[in-house]
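S.K.: Before I ask anything, here is the structure I am working with.
Every number here is computed from the coordinates shown, using simple stated rules; none is lab data. Worth saying up front: this structure is predicted, and the values here are computed from it rather than measured. Methodologically, a virtual Cβ is constructed for each residue, glycine included, from the backbone with ideal geometry; neighbour enumeration extends over all protein chains shown.
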Amino acid sequence: MNLSEDALVAVCLCTTLGRGARIEPLNVEQWSDLVRNITRDKQATPRDLLDGDATALGLDATVAARVVALLRGLGSVGIEVERLDATGIWILTRGDADYPVAWKRNLGAAAPPVLFGAGVKAALSAGQDAVLIPTESLERTVARKTVRESILAGELTVVTPSIPSARTTQDESRRLQEAL
C-alpha cells in the first residue's frame, strides 16, 4: 500500500493502529480543527507536522505536544499498514480521491478522517448497494468465506472507520450507511 505522507500522518494521529491506546488519538473534531488551522494560516498540509515543530504551524503548546507524541508511533504504524496491505485491507483518508464524496458532502467535518476497507474502492462513490459497514471487526468480517468471495468477485466493499481489529458501534455504522 502506498500511502501519501499526509495519509500516514492522519492514520498516526487519528487511530490507535500499531500502537494501542497509550496516547488518545485525535477525534474527528480535533482532526478537523487541526487540519483547518494548519491549512488556513500556514498553507501547510498534515505531512508538514513531520518536521517536528508543530507550534510553528500555529498549534497551541498542548495540542502540539500531543501531536509530537502521537507521531513518535509512526514507525509501528507503517509496519501495521504493510501488514494490512498484505491481507488485502486498504486505507483511505479524507484527502484521498476515492474517499466517499457523499460522506464529505453529507457529514462535512464529521466524516471519519480515516477508513479501513476491503473490496473495490470505487463502490464507495457508487452508493449503498455494494457497501457493507460492519459492526464486528473488519478483519473478522472479511475472514468469513461468503464475504471474502463477494469481495473477490467485486460484488461487495466492506469499510469501517475503526481500526481493522476493532468493532464499530451500531449507531456509527447506521449513521455512515445513511450518509452514503
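S.K.: Run the dipole for the stretch 88-179 about the Cα centre, Lys and Arg Cβ at +1, Asp and Glu Cβ at -1, nothing else charged, and hand back the magnitude in debye, nearest 20. Intermediate values should be presented prior to the final figure.
M.R.: On the way: 11 positive and 10 negative charges, 20 e Å.
Dipole magnitude for the stretch 88-179 comes out near 100 debye.
S.K.: Using alpha-carbon pairs under 8 Å, 6+ residues apart, how would you state the relative contact order of the chain in percent? List each step's numbers first, then the result.
M.R.: Values: 265 pairs, mean separation 38.8, N = 180.
Relative contact order, the chain: 22 percent.
S.K.: Quick one: what Rg and Dmax do you get for the stretch 5-77 from the alpha carbons, in Å?
M.R.: When restricted to Cα atoms, the stretch 5-77 yields Rg and Dmax of 11.1, 32 Å.
S.K.: Moving to a separate point now. Under the √(5λ) rule applied to the eigenvalues of the Cα gyration tensor, what semi-axes describe the equivalent ellipsoid of the stretch 88-179? Give them in Å, descending.
M.R.: Gyration-tensor ellipsoid for the stretch 88-179: 19, 14, 12 Å.
S.K.: What per residue convex hull volume, in Å³, comes out for the chain when only alpha-carbon positions are used?
M.R.: Here the figure is 107 Å³ per residue.
S.K.: Between the helical axis of 170-179 and the dominant principal axis of the chain, each derived from Cα atoms, what acute angle in degrees is found, rounded to the nearest 10?
M.R.: 90
S.K.: Divide by every residue of the chain the summed helix terms, -39500 (n - 2.57) for each DSSP H run of at least 4, and state the resulting mean residue ellipticity at 222 nm, rounded to the nearest 500 deg cm²/dmol.
M.R.: Result for the chain, helices only: -13500 deg cm²/dmol.
S.K.: How do Ile89, Ile133 line up, fewest other C-beta atoms within 10 Å first?
M.R.: Placing the least packed residue first, the sequence is Ile89, Ile133.
S.K.: How far apart, in nm, are two points set 7 Å out from the Cα along the Cα-to-Cβ line at Glu172 and at Ala109?
M.R.: 2.0
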